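J.: Have a look at this one.
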Amino acid sequence: MTNEDVLAVFREAGALLEGHFILSSGRRSPVFLQKALVFSQPDLSEKLCKALASKLTAAFGKIDVVAGPAVGGIIPGYELARHLKARAIFAERVDGKLQFRRGFSIAEGERVLIAEDIVTTGLSFRETVEALDKLPGEVVGGACIIDRSNGKADVGCKLVSLAAVDFPDYAADDLPPELAAMEAVKPGSRGLA
Ligand SMILES: O=P(O)(O)OC[C@H]1O[C@H](OP(=O)(O)OP(=O)(O)O)[C@H](O)[C@@H]1O
Ligand SMILES: O=C(O)c1cc(=O)[nH]c(=O)[nH]1
Ligand SMILES: [Mg+2]
């Protein structure tokens, strides 16, 4: 799938939003990819993850475990695992820090792929790498549906994306006037109780 094909899926699902958004990192953007609207349609999730899974097999070979950070990484992690014939586990925030709970485990020697929905600064991805450092297994690489950093984010391992884009984002104290004039909304779950 091309970048345009992937963005067309987001458009079709009404998930390519314009406004003033507070991103997970605290940065601000006039564009937001509301992936939950895409993942609410199993056929669209399957289409995207099947295409990404074939790139992942070519890049990394056999994967045993796909690990994603909640909330956004859960559905693509599961759907990728289905196509890669791997297990899917997820990390969730406890007092703000990502942890693997719910009895999830990784055996010594297992090959682990980190799966994200969207990468912007790579912060959530690096936090997932840190959470996995406490468990056995080898992180062989990472995957995301859309890389908003267009390949520039440092995620701590090799990242394969289905699409890479260059949407603008700004520091909160350095907004262009058209963004400053709009009320900001924060769609993601970081920082929620
Ligand atoms: O590369 P980053 O700068 O970390 O941004 C990308 C992260 O932002 C979103 O998560 P968010 O924390 O908003 O919560 P969600 O997973 O519930 O959507 C998204 O799911 C990624 O995890
Ligand atoms: O950076 C983010 O938090 C982010 C950007 C985006 O477009 N979509 C999303 O779910 N999170
Ligand atoms: Mg997330």
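The values are calculated or read from the model by the stated rules, or taken from the named source; none is laboratory data. Predicted model, so just to flag it, every value in this text is computed and none were measured. All Cβ positions, glycine included, derive from the backbone under ideal geometry; neighbour counts span all protein chains shown.
J.: Considering ALA171, ALA180, which residue is touching a Lys or Arg at 6+ places or on another chain (Cβ under 8 Å) and farther than 27 Å from GLU4 by Cβ?
T.: On the way: ALA180 fails: touching a Lys or Arg at 6+ places or on another chain (Cβ under 8 Å).
Unique residue meeting the criteria: ALA171.
J.: Restricting to segment 120-145, what's the tally of residues that are within 16 Å of ligand 3 (Cβ to nearest atom) and farther than 20 Å from THR57 by Cβ? Lay out the reasoning, then the answer.
T.: Of the residues in segment 120-145, the ones within 16 Å of ligand 3 (Cβ to nearest atom) are 120-132, 142-145.
From the residues that got through so far, the ones that are farther than 20 Å from THR57 by Cβ too are 120-132.
Here the count works out to 13.
J.: Starting from segment 161-190, take each residue that is away from ligand 2 (no atom under 11 Å from the Cβ) and list its partners that are at pLDDT below 95, counting only C-beta distances under 6 angstrom and pairs at least six apart or across chains.
T.: none
J.: What are the residues in segment 2-21 that are crowded, with 16+ Cβ neighbours inside 10 Å and within 15 Å of SER45 (Cα to Cα), if any?
T.: Answer for segment 2-21, where residues must be crowded, with 16+ Cβ neighbours inside 10 Å and within 15 Å of SER45 (Cα to Cα): VAL6, LEU7, VAL9, PHE10, ALA13, ALA15.
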